[in-house]
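The next block holds one structure in the form of structure tokens; read it before the comments.
The values are calculated or read from the model by the stated rules, or taken from the named source; none is laboratory data. Every value quoted in this text rests on a predicted model; they were computed, and no experiment measured them. Quick reminder, even Gly has a Cβ in these numbers, built from the backbone with ideal geometry, and neighbours come from all protein chains shown. Only protein heavy atoms, including side chains, enter the accessible area calculation; ligands, DNA and RNA are left aside. Shrake-Rupley method; radii C 1.70, N 1.55, O 1.52, S 1.80 Å.
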Amino acid sequence: MNALIILSLTFLLSLLLGAFTIPCVVRLSHELHLYDLPDSRKVHALPIPRLGGVIFLPVATIIIAIVLVLMLRIGITHEFLWSNVTIQHFLAYMAGAMMLYSVGIFDDLHGVSYRVKFCIQIMAAALLCVSGLWIADFSYIFFIEEVPWWIGMPVTVLFVVYLTNAMNLIDGIDGLASGLSIISLSVIAGLNYFASDITWTMIPLAFVGVLLPFFYYNVFGNKNKTFMGDAGSLTLGFTLAFLVLHFWQREPVWNRHIHNIGIIALSTLIIPMFDVVRVFMSRVRDGRNPFLPDKNHIHHKLLRTGMNPKMAMATLLTISVIFVIINYLVASQLSQTLMIVGDVVIFCLMHVVINHFISKKEDGKTQYDRAY
């Protein structure tokens, strides 16, 4: 069977199952009064069901398993489906994802301290390393090529925990975390497809399928509006980290016609990854606990310029796509080190522009208040 048929089936089944289950979860949240209540830090003004993300991992897993079983039963060879994929990597991912999924649900229902969540995230990341999936090749980034396991594994754990929390923290306005995830997963699926890695392409496509109906209900829903909660954001962050790690192995399996493919994959996540560093540094600079929430994330800053939440979301999604396009276009011309430096410079300049519009709006408001 053609690979496109397999991948299309995976995407469509996930899309249909997601569209069917999300309204059910919303109704259950209303019946059990499981709401995300508004407060001074949040954008929404009314209680919103917060369990939309509980369907992400189950739907994606069910669809991937069903499609794989069907393909094997009709005679598709094991080697065709699992080429360049090791079973232990996928099993370690599933175990770690279930750990984060469970703690996410518990946090959505009762609340969990950030220390407990960090411990679970570290254990889930360590499982990936134990399975053999860890950063073993820096591809001459800052003149570093291969790294030994005693450096690569801790760096991998740090990266997975970092990205998992970055996706959790960027989930501050409707459609932002899910929209950024859809962009990233779609690009990663495309990179894997051109490398002829069928299963590595199925995984992100299954998540894209379930995220699209969630995005609709999250952004455009009225009575059926829902948030993803920690069960969704933690699972998405861990999944994205798992998929990106595939491009940083010592013996790469991807299409070598795509230059600097690891940075292209990472560039899909620049907004959440860079923003969490900026926010962390600003909290430390101001003498505040870097792990306590505030309203200094990039989406909060865009709201302070006068944008409404949908406009801020659309702006950040557009910027994310622009970062991907720029990195893809310069991948064959620049080293990965220069690409990273360039991304940092662009991100900093972007904040200079945002700060300018914030100051302009707040100065205008001050002058208005003085006049009246």
Practice prompt. Provide a single number: the residues in the stretch 318-337 that are open to solvent by 80 Å² or more (accessible area, probe 1.4 Å) and either touching a strand residue (DSSP E or B) at 6+ places or on another chain (Cβ under 6 Å) or at pLDDT 90 or above (or both).
Written response: 4
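So which helices (runs of 4 or more DSSP H) stay within the stretch 194-313 end to end and still have 3 or more residues that are at pLDDT below 90? Walk me through it before giving the result.
Values: elements: 198-220, 229-245, 261-267, 270-285, 298-304.
It comes to 198-220, 261-267, 270-285.
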Fill in: Conditions (1) open to solvent by less than 40 Å² (accessible area, probe 1.4 Å); (2) in a loop (DSSP other than H, G, I, E, B); (3) within 24 Å of Phe280 (Cβ to Cβ); number of the one not met by Thr156
(2)
Worksheet item: So is Leu349 assigned to a helix (DSSP H, G or I), open to solvent by 90 Å² or more (accessible area, probe 1.4 Å) and either at pLDDT 85 or above or not acidic (Asp, Glu) (or both) or not?
Response: yes
Fill in: Sole exception among (1) at pLDDT below 90; (2) open to solvent by 20 Å² or more (accessible area, probe 1.4 Å); (3) hydroxyl-bearing (Ser, Thr, Tyr); (4) closer than 30 Å to Phe291 by Cα for Thr77, by number
(4)
Item to complete: Report whether or not Ala65 is in a helix (DSSP H, G or I) and in contact with a helix residue (DSSP H, G or I) (Cβ under 9 Å, 6 or more places away or on another chain).
Response: no
Worksheet, complete the sentence: Contact list, first residue from the stretch 7-35 and of a type in the set (A, V, I, L, M) and open to solvent by 60 Å² or more (accessible area, probe 1.4 Å), second anywhere and at pLDDT below 90 and not in a helix (DSSP H, G or I), beta-carbon distance below 8 Å, six or more apart or interchain, is Leu28/Leu34; Leu28/Leu51
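Residue-by-condition table, conditions (1) surrounded by fewer than 20 Cβ atoms within 10 Å (Cβ to Cβ); (2) out of contact with any helix residue (DSSP H, G or I) (no Cβ under 9 Å at 6 or more places or on another chain); (3) free of Cβ contacts under 8 Å to residues at least 24 places away in the same chain; (4) of a type in the set (Phe, Trp, Tyr):
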{"position": "Tyr101", "(1), (2), (3), (4)": "no, no, no, yes"}
{"position": "Gly104", "(1), (2), (3), (4)": "no, no, no, no"}
{"position": "Gln121", "(1), (2), (3), (4)": "no, no, no, no"}
{"position": "Ala124", "(1), (2), (3), (4)": "no, no, no, no"}
{"position": "Ile144", "(1), (2), (3), (4)": "yes, yes, yes, no"}
{"position": "Pro148", "(1), (2), (3), (4)": "yes, yes, yes, no"}
